[in-house]
Amino acid sequence: MELTLAARRQVTKAQLERYRNGTKAEKSEVLDAITVVTGWHRDHARKVLRLLLCGALPRPRVPGPPRYRYGPEIAEALVVCWATLGGPS
């Protein structure tokens, strides 16, 4: 069963105090537990824990407007070429 991002964050936040105050062995156990539950790699789990500890979680990416490679006049010519050739080439 795949966890949602919100569920992964809850699991990670629940283990945060154990990770913050733990010895090296305890931190390793916390990383093992997080990787088993979330499916993340250890490096990613460590990165998320570090970001949570310093309070610098990245903001969600807001997509910008689409950037077109060709202008409308070239796109019309490409449509004609692709129709003649039976698809993009």
- request: For region 20-52, name all the residues that are surrounded by fewer than 12 Cβ atoms within 10 Å (Cβ to Cβ) and assigned to a helix (DSSP H, G or I).
  value: 21, 24, 25, 36, 43, 50
- request: Identify, from the list 64, 87, the residue that is outside any helix (DSSP H, G or I), modelled with pLDDT of 90 or more and either basic (Lys, Arg) or open to solvent by less than 70 Å² (accessible area, probe 1.4 Å) (or both).
  value: 64
- prompt: Can you pull out the residues in region 1-48 that are modelled with pLDDT of 90 or more, of a type in the set (Lys, Arg) and more than 15 Å from the chain's Cα centre (by Cα)?
  reply: 18, 20, 24, 27
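The values are calculated or read from the model by the stated rules, or taken from the named source; none is laboratory data. Treat the numbers as computed from the prediction; the structure is a model and nothing was measured. Note that we place each Cβ from the backbone using ideal geometry, even for glycine, and neighbour counts take in every protein chain shown. What goes into the accessible areas is simple: the full protein's heavy atoms, side chains included, and nothing from ligands, DNA or RNA. Shrake-Rupley method; radii C 1.70, N 1.55, O 1.52, S 1.80 Å.
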